[in-house]
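The values are calculated or read from the model by the stated rules, or taken from the named source; none is laboratory data. Bear in mind that the values here come from a model prediction, so they are computed numbers and not experimental data. With ideal geometry, Cβ positions are generated from the backbone for all residues, glycine too; neighbour counts draw on all protein chains shown. Protein only, heavy atoms only, side chains kept; ligands, DNA and RNA dropped before computing areas. Shrake-Rupley method; radii C 1.70, N 1.55, O 1.52, S 1.80 Å.
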Amino acid sequence: MKLLKSGIATALIAALWITGTVQAGQREAALSVSPMLGYHMFEGDQDTDDAFVGGVALGYNINKRWAVELDFRQTQTDTDVAGLTTQEDVDIWTVGLNALYHFNPDGKVVPYITAGFGGMVFEVDGFDDDEDFMMNWGVGSKFFLNETTALRLDLRHILDSHSDRDWDRTGSKSDKVDN
């Protein structure tokens, strides 16, 4: 694992050094496609295991500072309900519409903030599906390797309007918001 991390860090530094003279930054009226790989951490009382998430975002730069983005994400995880003899599979599908504001649009490193809304669908073996409204906000940064390619690091806080899931919140049917 340590060797893998060192290799990734070395490749990133080399890519940034090689592209040192390339004009980078946000381009007005540009379309973007962002493959995503991340980790979904659930609130402790949700009875759902933390797991990896994958997805894709399709974006459009309105101008250099503002962009809109439609993202699709999927998390495959398991229930973690006390008293069940087996864990049940949970597939979580998320669709969101987000706005991004870029702070240094002409730089090779472009920090941003983002906020948006959308929906989440929880499909659980042995239980009814649940569809919820969600909002999210976050911060991130784009690291441009050349004029058209950037690596992106993003941290999001998702607020899920918990509705009628019956596998989580053991002993509670609360409709409070999940984080």
Per-region count, the stretch 127-161, residues within 17 Å of Gly59 (Cβ to Cβ) and either in a strand (DSSP E or B) or hydroxyl-bearing (Ser, Thr, Tyr) (or both): 17
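Please note which strands (runs of 3 or more DSSP E) are completely contained in the stretch 35-125 and include at least 1 residues that are more than 24 Å from Val139 (Cβ to Cβ) and of a type in the set (Asp, Glu).
Working: elements: 51-61, 66-78, 89-102, 109-124.
The strands (runs of 3 or more DSSP E) meeting that bar are 66-78, 89-102, 109-124.
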Residue list for the stretch 127-139, filter: in contact (Cβ under 8 Å) with a residue 40 or more places away in the chain and more than 16 Å from Arg73 (Cα to Cα): Phe127
Total residues in the stretch 119-140, condition open to solvent by less than 20 Å² (accessible area, probe 1.4 Å) and under 14 Å from the mean Cα position of the chain (by Cα): 5
Tally, over the stretch 79-118, of residues that are within 21 Å of the chain's Cα centre (by Cα), over 13 Å from Met134 (Cα atoms) and surrounded by fewer than 17 Cβ atoms within 10 Å (Cβ to Cβ): 8
